[in-house]
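Taking it in order: structure first as structure tokens, then the write-up.
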Amino acid sequence: MTVPATDPPALALRGLRKTFGQTVAVDHVDLDVPRGSFFGLVGPNGAGKTTTLSMATGLLRPDAGSAFIDGHDVWGSGPAEAKRRVGILPDGQRLFDRLSGRELLTYAGLLRRMEPAVIAQRSAELLDVLDLTDAGSTLVIDYSAGMRKKIGLAAALLHSPRLLVLDEPFEAVDPVSGGAIRTILQRYVEAGGTVIFSSHVMELVERLCDQVAVIAAGRVLAAGAIDDVRSGRSLEDVFVALVGGRRDTGEGLSWLGTSFA
Amino acid sequence: MARHFLRLKLRVVLNGMTRGSGTQRALGIVGLVLGLVIGIGVAAGFIAGRGSDGVDDAVLIFVGLFGLGWLVLPLLLFGSDNTVDPMRFSLLPLSPQQLVRGQLASGLVGGPTVFAVLTLGAAAYALTDSVSTGVVAVVAAVLTLLVCQVGSRALTTSIGGSLRSRRGRDFALLAAALLGASVYPLQLSVQAYLNETGSAGVSRIADLVTWLPFGWPYAAVLDVRDGSWGPALVRLAATSVLTVALAWLWGRAVVRTLEGPEASGSSGRAVSGDLVPAWVRPVLPRGAVGAVAAKELRYWWRDPRRRAAALTALFVGVGIVAATTITGEDGLGSQLAFAGVAVAFFSTMNCANQFGLDGTAIWSTLATPGSAAADIRGRQLAVVLLAAPTCLLLSVVGTVVGGAPLAWGASAIGLCLAALGAGLAATTVMAVAAPYSVPENPSNPFATGGGGGCSTAAYQGVGFLAQLLVLVPMVALVFWGVLGDRPAVLWAVLVVGPLWGFAAAQVGARIATGMLERRGPEVLLAVTPRG
């Protein structure tokens, strides 16, 4: 399967596979993220979401398969072109946390060979919109988890990429900050950008996304427009039906609530 | 209650040895075997030496070292033994007394106690010459272990609060690194002292131990052997009282820890907004290389591990050269001129695992196209900006203070710069070829993490050799000039050295850039901490 040369999807994954020792983390993942879509990647813990997104953005080398950003091969001939067009917020990776928020954004911008004046102006705006202006002079290592997500998002947005790949951007983020992030992302998609993010929270994905993919045990179980995937039910029901697992712990634990310590 | 603590400790020790990664297990077993071997060796020495001349001094000095080690080592290892930290038990309905008794019991279980029993017991035997002395000796052994154990717990718990905050841990790291750096110069000074004073010096040090609280019990044994029971009983009683007092202090510290608020570390130091430090702005190139160099400069000061490593390199480099002058024939020597060279060498050694120290933050370099070259060169530039002026200054000062001829000083400057370049070349390539993960915010300042054990050590050894090899031609020139008394050659090193260093660094940078571009994701994987 190849990627069409004209009007390629923002992100195309073909047959990605990754094994860690005995464990198969990602087992033949095919995915198309259409341009201008708000794409949600949902799955339980250990499903391979982070591994997939890392392989898609050039941070983790796949054992097999390929990834294309805007038609450019991430692992082949055009990694530079591919990486220029994407902004990444990875999950569980450190930032340069001995820098302050403002310094971190300056560093990210200079590394992307942006003009210092442009960096300064955009950083100020980003910090303002994300309510981080006061914390701009504090070291990132002293940030709370939510603030870290926000500054990571700011660094991903700084060079105005066409595609945003966000791994668990709403985890540990308070509702106010979460609302700010949501608004920014929605404006970004309306202006023509593409967002793909991973999450556990079904309500959020239902609210924001127009495309969704359900992944479990390293395989894509369902993908497409959110209404097609849901087909009348709630996304949580579809998710549980696809992924399986126990539900309804109505029995057992009879001592809980009757014999207090 | 103490029984449960014992079972907990045993389970933790057993798990450490049977589960956990291969490296952890290997380290645990190696540690155990090493401890046993040393313990048996010391014990055998004491038993064999019983009654001989210097055995009293030997026992006292051993007790001194034992006490110091028992007190200080838990501070460094705080956090690797979960049963040491009372905060772990704060949610359980335990009274402080129960906690203290439990921790005392569990603390006495484990490899170190076996070591203590072996060595202290043998030491007691070595001092015994009659039944009465023997009884006192056994009491002394038990008391010594108790007072050391209770004392160390009291110390750890009292200081424990500050070790929980980020700033406290940063400071502990620095203190531990400086402590480690001063070990070698200290050892050399002690050696020099002993060389001068001979066995009289040894006796004086042994006497010093009898003044320390953990030396009192064994001093009491010596008193009994000499027939003076009065001072002996006083010493034993004093130790017992001290132990009880320390236990009470420990209890108080536990209460404070459990009930007090967490020392908050997020006091958020404010820094100026500029990435590039003001003092270096004129020198730094604009663009990506300058940005990386600026970030590195910030990190060398702000990251406690790097700061500790940099200061250690400084102290060890100066210390080693200075120590050779002390143990040498007469006063200050001309080799002080080369103090800068040693510092240059050790400073670049710190760079051998740069990506590991940064941790997974390297992802931003991978995600930014074309930034591998900027990353490598920026790092090199930062090291040069910090180390070159320092080493030059040291060379000049060393030449003046050591009274070395000018030609030596000139060659030292050249050699410094050559060493910097050679070191950067070797370690830059090492950092990309063999990175390994380092735990993020360790409670233990000396933690180096899983690593990969033997293969990593082998790589590091190869890197060290490479660093030396690249420097050999320059060193040979200097030796030739110094030994053959050829000032012209030495002055030539002033010119040739920097050129050599610069060329080496460029070659290293080029190789490393290529490697980073090709195997960036593997580097990221290598520096991701396991578990």
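The values are calculated or read from the model by the stated rules, or taken from the named source; none is laboratory data. Just so you know, these numbers come straight off a predicted model, no measurement behind them. Here the Cβ is made from the backbone with ideal geometry for all residues, glycine too, and neighbour counts use every protein chain on show. Heads up: the accessible areas ignore ligands, DNA and RNA and are worked out on the full protein's heavy atoms, side chains in. Shrake-Rupley method; radii C 1.70, N 1.55, O 1.52, S 1.80 Å.
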Has the stretch B:347-363 got at least one residue that is farther than 23 Å from B:ALA466 by Cα, out of contact with any strand residue (DSSP E or B) (no Cβ under 7 Å at 6 or more places or on another chain), within 14 Å of chain A (Cβ to nearest Cβ) and at pLDDT 90 or above? yes
Can you pull out the residues in the stretch B:197-221 that are of a type in the set (Gly, Ala, Ser) and surrounded by 13 or more Cβ atoms within 10 Å (Cβ to Cβ)? B:GLY201, B:SER203, B:ALA206, B:GLY215, B:ALA219, B:ALA220
Out of the residues in the stretch B:271-304 that are surrounded by 15 or more Cβ atoms within 10 Å (Cβ to Cβ) and among the aromatic types (Phe, Trp, Tyr), state the one that is nearest to the other protein chains (Cβ to nearest Cβ). B:TYR299
Which number in (1) in a helix (DSSP H, G or I); (2) of a type outside the set (Val, Ile, Thr); (3) modelled with pLDDT under 85 marks the one condition that B:SER240 misses? (3)
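Can you confirm whether the stretch B:516-529 contains a residue that is assigned to a helix (DSSP H, G or I), more than 14 Å from chain A (Cβ to nearest Cβ), farther than 14 Å from B:ALA434 by Cα and of a type outside the set (Val, Ile, Thr)?
Keep residues of the stretch B:516-529 that are assigned to a helix (DSSP H, G or I), which gives B:516-526.
Restricting the remaining residues to those that are more than 14 Å from chain A (Cβ to nearest Cβ) gives none.
Checking the stretch B:516-529: not a single residue is assigned to a helix (DSSP H, G or I), more than 14 Å from chain A (Cβ to nearest Cβ), farther than 14 Å from B:ALA434 by Cα and of a type outside the set (Val, Ile, Thr).
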Hey, any hits in the stretch B:19-27 for a residue that's at pLDDT 80 or above and either open to solvent by 40 Å² or more (accessible area, probe 1.4 Å) or more than 24 Å from B:GLN187 (Cα to Cα) (or both)? no
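Residues B:ALA410, B:ALA388: which one is without any contact (Cβ under 8 Å) to a residue 60 or more places away in the chain, assigned to a helix (DSSP H, G or I), surrounded by fewer than 24 Cβ atoms within 10 Å (Cβ to Cβ) and of a type in the set (Gly, Ala, Ser)?
Values: B:ALA410 fails: without any contact (Cβ under 8 Å) to a residue 60 or more places away in the chain.
The unique qualifying residue is B:ALA388.
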Within the stretch A:102-115, restricting to residues that are more than 7 Å from every other protein chain (Cβ to nearest Cβ) and either under 20 Å from B:LEU357 (Cα atoms) or out of contact with any Leu (no Cβ under 9 Å at 6 or more places or on another chain) (or both), the one that is most open to solvent (accessible area, probe 1.4 Å) is A:GLU115
With criteria (1) without any contact (Cβ under 8 Å) to a residue 24 or more places away in the chain; (2) within 14 Å of B:ALA374 (Cα to Cα); (3) not polar (S, T, N, Q), B:ILE511 comes up short on (1)
Every residue in the stretch B:514-531 that is basic (Lys, Arg) and either within 20 Å of A:PRO90 (Cβ to Cβ) or touching a residue at least 60 places away in the same chain (Cβ under 8 Å) (or both), please. B:ARG519, B:ARG530
From the residues in the stretch B:353-376 that are surrounded by fewer than 23 Cβ atoms within 10 Å (Cβ to Cβ) and among the aliphatic types (A, V, I, L, M), which one is farthest from B:THR528 (Cα to Cα)? B:ALA373
Counting only residues that are over 24 Å from A:ALA217 (Cα atoms) and more than 13 Å from chain B (Cβ to nearest Cβ), the stretch A:50-72 contains a total of 2
Taking only the stretch A:157-192 into account, find how many residues are open to solvent by 50 Å² or more (accessible area, probe 1.4 Å) and in contact with an Asp or Glu (Cβ under 9 Å, 6 or more places away or on another chain). 3
Inside the stretch B:39-48, can you point out the residues that are within 10 Å of B:PHE115 (Cβ to Cβ) and open to solvent by less than 90 Å² (accessible area, probe 1.4 Å)? B:GLY39, B:VAL42, B:ALA43
When A:ALA10 is evaluated against the numbered criteria (1) open to solvent by less than 10 Å² (accessible area, probe 1.4 Å); (2) more than 14 Å from chain B (Cβ to nearest Cβ); (3) within 19 Å of A:LEU221 (Cα to Cα), which criterion, by number, is the only one it fails? (3)
Can you work out which of the residues in the stretch B:222-233 that are open to solvent by 50 Å² or more (accessible area, probe 1.4 Å) and closer than 23 Å to B:ILE61 by Cβ is modelled with the highest pLDDT? B:PRO231
Screening A:VAL118, A:VAL129, A:VAL86 for residues that are free of Cβ contacts under 8 Å to residues at least 12 places away in the same chain, β-branched (Val, Ile, Thr) and either open to solvent by 20 Å² or more (accessible area, probe 1.4 Å) or facing another protein chain (nearest Cβ under 9 Å) (or both) leaves only A:VAL118
If you check B:ALA382, B:ALA373, which single one turns out to be in contact with a Leu (Cβ under 6 Å, 6 or more places away or on another chain), within 20 Å of A:TYR107 (Cβ to Cβ) and hydrophobic (A, V, I, L, M, F, W, C)? B:ALA382
